[in-house]
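The values are calculated or read from the model by the stated rules, or taken from the named source; none is laboratory data. From a predicted model like this one, the values you see are computed outputs, not experimental measurements. All Cβ positions, even for glycine, are placed from backbone atoms using ideal geometry, and neighbour counts span all protein chains on display.
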């Protein structure tokens, strides 16, 4: 039986967050069971892009602050770091806007960049993952245009360094193939502890262009598969509707059968959401593979760039795995003959300038 702790937290007041995070970790054994005195700990939030905390794109810095303090309480030494999307040139700016730099300065801990790697089974994993005694993953719960949701399992994918992310997106643009990549990375860089920020989540066209949705939850477990399975249940999905969860479960990386998950903490029924908005691409992710193959030319979606909103930062261009985007002062163009609909551009755009356009047949069927 996997254990998952679910604790209510109304908002990001620092005192409330600390209490909720500590309660959640205490339910599954307490931080002292993961961190011994003198141990070095990596805390990895989900820092996708340069967005302020209230936009619910990145893990909220107060959740990270609470974990830093709880680790210090048991004698651990903390470093914080991530690999923001889109190969940004100015990671310092992203850390600043997200609030992560200020928290790390306040708490006197090192904020690092994932730039050096160790190749494990051909995958370049951030070296910090293997250089510390304890790896704590701190995902933000959001929707995702390719994987339906992004949570505990997807956050581990952020340990990958360099061009490998783009190469895998190009080779496996659809969720069925990409799920296998994410599951493999999670197997190679499995966290010791996951603490999810679902106090305010993101619904709609996440992971960067959706809308904040209060869920009032902090979720903790040693089993990332179980965390994502529980979160799927709370928004009205079956755990195995999420292909990343299904793939990780098949590999034995965690528990997706809700009857085999012990839930601790607050009343589960109070967290159920019946009108959670899924991404516009949800129809494509839920169809059987045979159906997708037969109707894929009729049911389509694609990213489009709103030139009025585009700031010419070129993050979409540099993150595109097939070099299908051209950005200049005159025009912002996507070569749809080359585009593989991996939605990397949509994921990394910090200005909501890239949206998902669906064709008429798609709208008629799925609304």
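Residues in segment 120-154 that are touching a helix residue (DSSP H, G or I) at 6+ places or on another chain (Cβ under 8 Å) and assigned to a helix (DSSP H, G or I) were compared, and the one that is farthest from residue 208 (Cα to Cα) is 129.
Summed over segment 273-314, residues that are modelled with pLDDT under 90 and within 24 Å of residue 245 (Cβ to Cβ) total 17. Exactly one residue among 191, 212 is outside any helix (DSSP H, G or I), under 15 Å from the mean Cα position of the chain (by Cα) and surrounded by fewer than 22 Cβ atoms within 10 Å (Cβ to Cβ), and that residue is 212. Checking each residue in segment 116-153 for being in contact (Cβ under 8 Å) with a residue 40 or more places away in the chain and out of contact with any strand residue (DSSP E or B) (no Cβ under 7 Å at 6 or more places or on another chain) picks out 116, 120, 121, 131, 146, 147, 148, 153. Helices (runs of 4 or more DSSP H) fully within segment 1-102 that include at least 3 residues being more than 22 Å from the chain's Cα centre (by Cα): 14-27, 61-73.
Could you tell me whether any residue of segment 51-71 is touching a helix residue (DSSP H, G or I) at 6+ places or on another chain (Cβ under 9 Å), without any contact (Cβ under 8 Å) to a residue 40 or more places away in the chain and either in the same structural domain as residue 165 (by TED's automatic domain parsing) or closer than 17 Å to residue 197 by Cβ (or both)? No, that holds for no residue.
In segment 81-94, the condition of being surrounded by fewer than 22 Cβ atoms within 10 Å (Cβ to Cβ), touching a strand residue (DSSP E or B) at 6+ places or on another chain (Cβ under 8 Å) and at pLDDT 95 or above is met by no residue. Scanning segment 11-39 for residues that are farther than 30 Å from residue 209 by Cβ and loosely packed, with under 15 Cβ neighbours inside 10 Å turns up 15, 29, 30, 33, 36, 37, 38.
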